[in-house]
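First comes the structure, then the notes that go with it.
The values are calculated or read from the model by the stated rules, or taken from the named source; none is laboratory data. Bear in mind the structure is a predicted one, so any value in this text is a computation, not a measurement. Here the Cβ positions follow ideal geometry from the backbone for every residue, glycine too, while neighbour counts run over all protein chains shown. These accessible areas exclude ligands, DNA and RNA; they are computed on the full protein's heavy atoms, side chains included. Shrake-Rupley method; radii C 1.70, N 1.55, O 1.52, S 1.80 Å.
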Amino acid sequence: KTKNTLSGNHLTKTKHFKTLHERFKNVFIENMDFRTIFKDYSHPDTVIYCDPPYLDTATTEKYFRTDFSESDHKDLLECIFASSSFVALSGHHTALYDSYPWSDRYEWEHKGLGENVRTEVLWVKEN
């Protein structure tokens with residue numbers, strides 16, 4: 001006998017799976033080196049969303065230790081601006097990112113780990 005283990009909020013959320021499936025059936029979510037992503041997926045009909053380790057936290061905060069260097073950030077920016085895709089990039093305010101000719105930029109306050117309020121930024125490069 002099978003027992004329904006979903007209740008309350010979880011049961012309500014499963015009702016949306018069909019809608020989510022329809023919305024995302026042609027979406028690819030990849031977790032690989034950005035160089036490969038841009039090489040394989042750059043196309044005018046493609047949207048690429050990048051959420052790299054934030055430049056200002058990559059080596060300073062214990063939650064975000066990574067081998068993603070400042071040089072990698074520069075390479076990522078070069079890939080973004082060489083791409084024919086629509087690209088959105090998340091991060092914290094940084095002079096490096098701001099030095100590029102983005103089509104648009106959005107900012108909002110976010111309470112991060114450790115209760116610190118940070119300004120999150122979404123940079124957009126239209127194709």
Q.
Can you report the number of residues in segment 92-127 which are over 20 Å from PRO44 (Cβ atoms), touching a helix residue (DSSP H, G or I) at 6+ places or on another chain (Cβ under 6 Å) and not hydrophobic (A, V, I, L, M, F, W, C)?
A. 0
Q: Quick one: count up the residues across segment 71-117 that are open to solvent by less than 20 Å² (accessible area, probe 1.4 Å) and among the hydrophobic types (A, V, I, L, M, F, W, C).
A: 6
(Q) Being modelled with pLDDT under 85 and assigned to a helix (DSSP H, G or I): is that true of LYS1 here? (A) no
